[in-house]
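This report concerns only the one structure given below.
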Amino acid sequence: MTPSKSRPRESADVTIDILVEAGGWPDEAELARIARRALDGVLAEIGADPHADSELSVVFTDDAHIRTLNAGWRSKDRPTNVLSFPAFPAGHGKGLPPMLGDVVLAAETVAAEARDEGKPLADHMTHLIVHGILHLIGYDHEIDAEAEMMEQAERRILASLAIPDPYK
């Protein structure tokens, strides 16, 4: 499938490339809407320059492919819900690089989590894309203090999008 491009109306000039690689996902227009909403929430949170040019790739795949990626890049031979691959080293407060990187979601894991947690699939996908983008711009959750900062940013972003706190 050919990636589609989505342009923002009133935010930073960040292009989103959508690739539906595998899995039972909503249609591509809905995926682009969800990804744009998540990205715009992150950009508002970090106060991105409205004239910054950048690009983001969001890949929608299945558990088999994300398991391969997780094993190869993180030495964890199991599927996961989302992986992030920054294109450039980044840190919060430094502006946007020309390419943010890739966010990859796994259909079966994402759908099962949404179902098990009683969340609308679109809300869960938005949260995971927000989470992935935050990783691309330098947030992490390997140590408690960083995890708390990232979680608080996610809560603020999702609240701004009228999505309930995923950590409650």
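The values are calculated or read from the model by the stated rules, or taken from the named source; none is laboratory data. These numbers were taken from a predicted model, which means no experiment stands behind them. Neighbour counts run over all protein chains shown; Cβ positions are idealised from the backbone, glycine included.
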The conditions are (1) part of a loop (DSSP other than H, G, I, E, B); (2) farther than 24 Å from THR15 by Cβ; (3) not aromatic (Phe, Trp, Tyr), and GLU113 fails exactly one of them. Which is it?
(1)
Is it the case, given these coordinates, that LEU136 is in contact with a Leu (Cβ under 6 Å, 6 or more places away or on another chain) and within 21 Å of THR80 (Cβ to Cβ)?
yes
When restricted to ASP40, ASP77, the only residue outside any helix (DSSP H, G or I) and at pLDDT below 95 is ASP77
Residue check, SER57 touching a residue at least 24 places away in the same chain (Cβ under 8 Å), within 19 Å of GLU21 (Cβ to Cβ), outside any helix (DSSP H, G or I) and in contact with a helix residue (DSSP H, G or I) (Cβ under 6 Å, 6 or more places away or on another chain)
no
Across region 132-168, the tally of residues that are touching a Pro at 6+ places or on another chain (Cβ under 9 Å), within 19 Å of LEU100 (Cβ to Cβ) and assigned to a loop (DSSP other than H, G, I, E, B) stands at 2
Residue list for region 119-153, restricted to those being acidic (Asp, Glu), modelled with pLDDT under 95 and under 22 Å from VAL14 (Cβ atoms):
ASP140
With the condition kept exactly as written, say whether any residue in region 61-77 is in contact (Cβ under 8 Å) with a residue 60 or more places away in the chain and not basic (Lys, Arg).
no
Can you spot a residue in region 10-21 that is modelled with pLDDT of 90 or more, under 11 Å from PHE60 (Cβ atoms) and not hydrophobic (A, V, I, L, M, F, W, C)?
yes
Is there a residue in region 106-117 that is under 16 Å from ASP17 (Cα atoms), in contact (Cβ under 8 Å) with a residue 40 or more places away in the chain and of a type in the set (S, T, N, Q)?
no
